[in-house]
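Report on the following structure.
The values are calculated or read from the model by the stated rules, or taken from the named source; none is laboratory data. Every value quoted in this text rests on a predicted model; they were computed, and no experiment measured them. Neighbour counts are summed over all protein chains in view; Cβ atoms, including those assigned to glycine, are modelled from backbone coordinates with ideal geometry.
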Amino acid sequence: MTDLNSSANDVPLADSKPVQAPPRLGLLLALAIGLVVVGAGGVYWWTFAGGEKWVHDLGMPSKAAYRGKVTLDGAPLRGGQLTAWPDRAGVPQSVGFIQQNGEFILRIDIGGKFHEEAYVGRHRVSVTQFEKQQGPSAPRMTTPVKYSSPDTSGLVIVVDRNPAKNVVELNLVSDVPPPGDSTPKTEPGESDKSPPRSPAKPNADTP
């Protein structure tokens with residue numbers, strides 16, 4: 001009689017792989033919390049901790065505070081805007097809003113926020129001031145036109161790493177028309193004409 005138990009034991013069993021347990025819910029929850037924390041930290045760093053400013057400054061020269069005063073014909077320029085244009089390509093310009101006493105502080109616009117600094121190096125300068133706009137017409141510029149462009153202003157500043165050296169006074173001069181020629185104009189050939197001579201008076205001793 002055949003032993004059924006022994007026959008069943010003699011049959012080779014197929015190779016079986018160990019069944020992996022499903023990921024634990026706790027591990028997934030910890031991973032999700034970690035991602036949220038990292039994301040929130042990144043937003044805080046970018047928005048409140050100067051992350052945007054740090055990324056903006058990559059490859060840029062260092063910065064330093066810079067201030068000064070603008071005069072026109074010896075008197076403080078009351079209002080207007082000064083713009084500093086760096087010689088180095090790719091470096092953003094800085095602006096200074098001129099106060100009623102003529103003083104200004106250079107500022108850099110980074111992401112819509114002004115920082116009271118300017119990039120170190122040589123800058124050409126333009127200065128503009130406009131009268132208060134009245135009606136639809138464009139306001140009239142009240143500073144000399146030559147100072148409205150860094151190419152024609154002749155104004156240059158150098159921002160140093162040491163803020164103690166970064167103080168300047170820029171003296172603007174109004175456009176003065178050349179003096180007119182006070183010599184009276186004469187018609188051609190008129191200089192050759194002699195003035196008329198008065199008639200000779202008779203001599204009383206002549207008979």
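Name the residues in the stretch 114-138 that are assigned to a strand (DSSP E or B), closer than 26 Å to GLY154 by Cα and not basic (Lys, Arg), would you? Those that are assigned to a strand (DSSP E or B), closer than 26 Å to GLY154 by Cα and not basic (Lys, Arg): ALA118, TYR119, GLY121, HIS123, VAL125, SER126, VAL127, THR128, PHE130. The residues of the stretch 115-131 that are more than 13 Å from TRP85 (Cα to Cα) and in contact (Cβ under 8 Å) with a residue 12 or more places away in the chain, listed by number, are HIS115, GLU116, GLU117, THR128, GLN129, PHE130.
Filtered by the rule that a residue be out of contact with any Leu (no Cβ under 9 Å at 6 or more places or on another chain) and in a loop (DSSP other than H, G, I, E, B), the stretch 143-158 gives SER149, PRO150, ASP151, THR152, GLY154. Here ARG161 fits the description: modelled with pLDDT of 95 or more, basic (Lys, Arg), in a loop (DSSP other than H, G, I, E, B) and over 19 Å from LYS69 (Cα atoms). Scanning the stretch 136-159 for residues that are more than 17 Å from ASP73 (Cβ to Cβ), surrounded by fewer than 13 Cβ atoms within 10 Å (Cβ to Cβ) and in contact (Cβ under 8 Å) with a residue 24 or more places away in the chain yields a count of 1.
Please determine, by comparing only the residues of the stretch 63-94 that are of a type in the set (A, V, I, L, M) and assigned to a loop (DSSP other than H, G, I, E, B), which one is surrounded by the most Cβ atoms within 10 Å (Cβ to Cβ). Among those that are of a type in the set (A, V, I, L, M) and assigned to a loop (DSSP other than H, G, I, E, B), it is LEU77. Quick check on the stretch 103-113. Is at least one of its residues in contact with a strand residue (DSSP E or B) (Cβ under 7 Å, 6 or more places away or on another chain), modelled with pLDDT of 95 or more and in a loop (DSSP other than H, G, I, E, B)? Scanning the stretch 103-113 turns up no residue that is in contact with a strand residue (DSSP E or B) (Cβ under 7 Å, 6 or more places away or on another chain), modelled with pLDDT of 95 or more and in a loop (DSSP other than H, G, I, E, B).
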